[in-house]
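These notes concern the structure reproduced below.
The values are calculated or read from the model by the stated rules, or taken from the named source; none is laboratory data. On a predicted model such as this, the values are computed, not experimentally measured, just so you know. Please note: Cβ atoms are built from the backbone with ideal geometry, for glycine as well, and neighbour counts cover all protein chains shown.
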Amino acid sequence: MLAERLVADGAGPGVPVGVCVERTPDLLVAVLAVLRAGSCYVPLDPNYPAERLAFMVKDSGTRLLLTTPASRANCPAGPTVVVLGDTVTTEPGDRPVPVVPEDTAYIIYTSGSTGLPKGVAIHHGGCVAMLSEMDRIFEGRDMSGISAASSICFDMSVMEIFPALCRGGAVVLVESAVHLPDSAYADRITHLNVVPSVMNGLLDAGGLPPNVRTVVFGGEPLRRKLVDRAYRETGADRVYNAYGPTEATVFSSHKWVPEDETDEPSIGAPSSTARAYVLDENLKPLPAGVPGELYVGGVGLAHGYVNRPRTTAERFVPDPFLDGERMYRTGDVVTCTEDGELRFGGRSDHQVKLRGFRIELEEVEARLTGRPGVREAAAVVRGNRLIGYVVPADDSQEASREGDGVWLDAERQAALTGGLAAELPDYMVPGTVVFLTALPLAPGGKLDRAALPDPPAADPGTPLRAASTPTEVALAEIWGQLLDLEPTGIDVQAAFYDLGGDSLLLVRLARLMTRRFDRRVRVPDLFSFRDIASLARWLDAESGATPEIVESARRRAGARRAALRGRAAPTDN
């Protein structure tokens, strides 16, 4: 009846409907209702900044929005709002509203180089082809439980939700991949789609679902070392590497990576529904072994970018090898092997992937430059960290104070990142902001990203509150182990993220704390208590732990570590 309510409110083919729902079963109900009404869904993460949600709604032309009582307050103003759970007065229809393959199924917004996100419109024909290709690739595999850990604002969610629903399997919905170890239904998961960096964190923490049989990597370059770990440390007997931009409907190539191979994994051969070309700057094919830009085409190709005719024309170009068809410039540099597989070699522009999230550095830079007091800005990704570089508009005092013209300013960084957090998703907000007297330039006058300096050490002038209670000392030791920091130099009031931690390390932190304190610590607990001081208070108050108990746990943990190293150590009886 929800779909009929949407139809009564104006839903239908070509009509975008926003879905602003938290990660509960209501999310699946909302998406299916929109599709049954013949409309296309526009994912709106209720945790996104209000400004970004408002832009996505306005840019996509969304006039109708589905939400829940829990997420209602986070919805942007403007569209007609339908709240799940409200009384529906329409009569149920006999069947879904019919659509044709070229009708849009969903619009996903990705980071944009102009400083604003851009919507990618994917049609039903591309989705059906992708699902058919998944049936072919995973024929005979156990797909009875598929983990759904990706935000519906990212296209990996499409290959998590719909294959299970189309084939009678279970969608195991979790808040995010780092919450997998805490899912009450983790043992139902047999098929896992995961980003390599996330998988490393889950393996480090021993947090993989026990019954996983198929692992599909995507979103980042995959290394052989991780493939070996997946085979060795899980029950998986098949590991795949999938590649594809959002603009080509989730994935364009894939590879089953056998256990007995030793080479670095390729991104495989093109899917049966895709075309792939490795071309030079003149759109001429390059021979095997010669790197070039990857262009993709086929039934999964998107309509283009919503309200971006110029960008659409630049990225979706005529296919010179097939009359009347188009192909997409991925910006990815690849090499074709003699046997027809593709090897990823990096990017030709400034788009990056951070823990699987697609980020245009120019968007981050544009937002930084737009903040008050900023003259110029740059951004880079180093390791798993997004770092911002800022030239202040009033840098005379800092320049005279710092001889090398590079410094940190905690107060100014907090003001900048606080402003960015109101405009950008959290994965696009730099964890560290470095201040410079000038950005380094290449001989041609362009920004030299490679010459941007590493962040300097934090200012030691700020008073440090070191660990003092036994619980704080134990936590400082764990944090020091994870963050490669000296425990005595960790401020117990500093947040885990401020010291270089990330969501992947939270999984390992939860496991280490569980073992160290002999009580279960979950990832959601670590989102509630972000520094050592609050964590220590919570541990002591909730568990009733006394200093003697904490010390006993520490001695037992030390004994276990010593035993693993083959050395004797005194034990606590």
Within region 292-325, count every residue that is touching a residue at least 24 places away in the same chain (Cβ under 8 Å), over 12 Å from Tyr277 (Cα atoms) and charged (D, E, K, R).
3
Out of (1) touching a strand residue (DSSP E or B) at 6+ places or on another chain (Cβ under 8 Å); (2) in a loop (DSSP other than H, G, I, E, B); (3) closer than 25 Å to Tyr328 by Cβ, the one Ser272 does not meet is (1)
Within region 200-231, restricting attention to residues that are in contact with a helix residue (DSSP H, G or I) (Cβ under 8 Å, 6 or more places away or on another chain), at pLDDT 90 or above and in a helix (DSSP H, G or I), which residue is nearest to Val334 (Cα to Cα)?
Leu226
Selection within region 274-321 - under 26 Å from Ala129 (Cα atoms) and of a type in the set (D, E, K, R)
Arg275, Glu293, Arg308, Glu314, Arg315, Asp319
Working carefully through the options Glu398, Glu338, Glu314, find the one that is over 29 Å from Asn47 (Cβ atoms), at pLDDT 90 or above and over 29 Å from the mean Cα position of the chain (by Cα).
Glu338
Looking only at strands (runs of 3 or more DSSP E) that fall completely inside region 302-382, which ones have 3 or more residues that are touching a Gly at 6+ places or on another chain (Cβ under 8 Å) and loosely packed, with under 15 Cβ neighbours inside 10 Å?
none
So Ala466, is it crowded, with 21+ Cβ neighbours inside 10 Å and either of a type in the set (A, V, I, L, M) or more than 26 Å from Leu180 (Cβ to Cβ) (or both):
no
Could you check region 485-508 and list, in sequence order, the residues that are outside any helix (DSSP H, G or I) and either in contact (Cβ under 8 Å) with a residue 12 or more places away in the chain or of a type in the set (Val, Ile, Thr) (or both)?
Leu485, Ile490, Asp491, Val492, Gln493, Ala494, Ala495, Phe496, Gly500, Gly501, Asp502
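Is it the case that Gly480 is modelled with pLDDT under 85 and either surrounded by fewer than 18 Cβ atoms within 10 Å (Cβ to Cβ) or not basic (Lys, Arg) (or both)?
Criteria not met by Gly480.
Do the conditions hold for Glu281, that is, is it modelled with pLDDT under 95 and either under 12 Å from Arg329 (Cα atoms) or among the aliphatic types (A, V, I, L, M) (or both)?
yes
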Considering only region 1-47, how many residues are among the acidic types (Asp, Glu) and closer than 20 Å to Phe154 by Cβ?
3
Taking region 180-199 only, how many residues are without any contact (Cβ under 8 Å) to a residue 40 or more places away in the chain, more than 19 Å from the chain's Cα centre (by Cα) and in a helix (DSSP H, G or I)?
2
Any idea how many residues of region 511-542 are part of a helix (DSSP H, G or I) and under 28 Å from Pro463 (Cα atoms)?
15
Please identify the pairs in which a residue from region 417-439 that is closer than 27 Å to Gly405 by Cα has its Cβ atom under 6 Å from the Cβ atom of a residue that is at pLDDT 85 or above and of a type in the set (D, E, K, R), counting only partners at least 6 apart or on another chain.
Gly419/Arg371; Leu420/Arg367; Phe435/Asp409; Leu439/Glu376
Does Pro79 fit the bill of being buried (at least 16 other Cβ atoms within 10 Å of the Cβ), within 30 Å of Gly370 (Cβ to Cβ), of a type outside the set (Asp, Glu) and over 26 Å from the mean Cα position of the chain (by Cα)?
yes
Taking region 245-269, which residues are closer than 23 Å to Arg326 by Cα and in contact with a strand residue (DSSP E or B) (Cβ under 7 Å, 6 or more places away or on another chain)?
Pro245, Thr246, Glu247, Ala248, Thr249, Phe251, Ser252, Ser253, His254, Ile267, Gly268, Ala269
Among the residues of region 359-385, write down those that are closer than 18 Å to Asp502 by Cα, touching a residue at least 60 places away in the same chain (Cβ under 8 Å) and not β-branched (Val, Ile, Thr).
Arg382, Asn384, Arg385
